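These notes are about the structure you will find just below.
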Amino acid sequence: VSDLATWIDQHEHQIDTNPAAWCAIELSLLDAMSKDLGQSIEATLGTPPLSGTFQYTAVLGDNSQTAFAELVTRYVALGFDDFKVKITGEEKNDSEKLSLVLNAAPEARIRLDANNIWETAGEVLAYLSELSCTPFALEEPLQPRAFSELNRLLAKTPVPIILDESFLNKGHFEPIDTTNDNVFVNVRVSKMGGLIRSRAIARLLSDAHIPIIIGAQVGETSLLTRAALCLANEFDDGVIAQEGAFGTLLLETDITDESLMFGSNGRLVCPGAAIDVAANGFEIRYKSDLFGTNV
């Protein structure tokens, strides 16, 4: 593993051009190495054995009011209390959707995903001042890596800002003003260029006391869910939210024999009945308490 980590450092700029492609290669190598040694990925990386409860976030897209309300009802019935809501930037429309969540789950923690809607800090602040409730955090309100404008926003916003597209590698740490303790970073394994680079970035953030969100793209496979569990497990003290684990709820088919998905209340519990990870690379043995056996 140390040789692989050294090679990754030496080829940092090449990996930066297509981090997801390298992620696929790296996970394959780590899996093969672990299986050759007859041990888990955690043992190969020298990280703590996978254990504990992993809480996942309910994700709500920019659906019609009816579809949005139906999805909220389903999430609440499953016991979710942590929500990520994709917003449009239209205050009235967004406030109505936030009200739907809070009416169904009054204690819900809600963060918003703006997907780079605005150009200036002033526009973001105006939007937040008009919103019907104060969100837990706001993800990517400005254009990606517009660091000067981002720092102007961080100096004034009462709401923490989550960086996703604006934080792709460790080189994006230095330009960000973290002195106001209102920056969170979305660490997604494929975005960061694999598990080894993700661990290095998570360590950098942890040492700087910057909260981490373990991110996921819509439709990620169970292999990426499994890799993210390794990251969430190692840096659990700094992780404030975790995305993913939808498996075949979103995918028609998964690349693993069995799909790794959250259970009641949006949780995966390890070890226990809900999840049993074999000591053989990324291999997964899984039984869901919501969706049956061997889904």
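The table that follows gives values for the structure above.
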| read-out | value |
| --- | --- |
| Alpha-carbon centroid distance for the pair region 216-271 / region 113-158, whole angstrom | 28 |
| Shape category assigned to region 1-269 from the gyration tensor of Cα positions, a/c cut at 1.5 | oblate |
| Karplus (6.51, -1.76, 1.60) ³J(HN,Hα), θ = phi - 60°, over region 173-190, in Hz, Gly and Pro reported as x | 6, 4, x, 8, 7, 9, 6, 8, 6, 10, 10, 10, 10, 7, 9, 10, 4, 5 |
| At R0 = 41 Å, FRET efficiency that the Cβ-Cβ distance of A77 and A126 yields, to 0.05 | 0.70 |
| Rounded, prolate or oblate (a/c below 1.5 giving rounded, otherwise prolate when a/b exceeds b/c) for region 8-130 by Cα gyration tensor | oblate |
| Spin-label model distance (nm) - E90 vs A104, 7 Å beyond Cα toward Cβ | 2.0 |
| Selected from S64, S198, S190 as most flexible by GNM, with the chain as the system and alpha-carbon contacts under 10 Å | S64 |
| Helical mean residue ellipticity (222 nm; -39500 (n - 2.57) per DSSP H run of 4+; nearest 500) of the chain | -11500 deg cm²/dmol |
| Highest-MSF residue in the chain out of E258, E149, E107 [GNM, Cα springs under 10 Å] | E107 |
| Length-normalised contact order for region 170-219 - Cα pairs under 8 Å, 6+ apart - percent | 43 |
| Top of V85, V218, V101 by mean-square fluctuation, Gaussian network on the chain, Cα under 10 Å | V218 |
| Ranked list, fewest to most other Cβ atoms within 10 Å of each Cβ, for I176, I196 | I176, I196 |
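Any read-out appearing in this document is the output of simple, stated calculations on the displayed coordinates, not a laboratory observation. Every value quoted in this text rests on a predicted model; they were computed, and no experiment measured them. For neighbour counting, all protein chains shown are included, and Cβ atoms are generated from backbone atoms with ideal geometry for every residue, glycine included.
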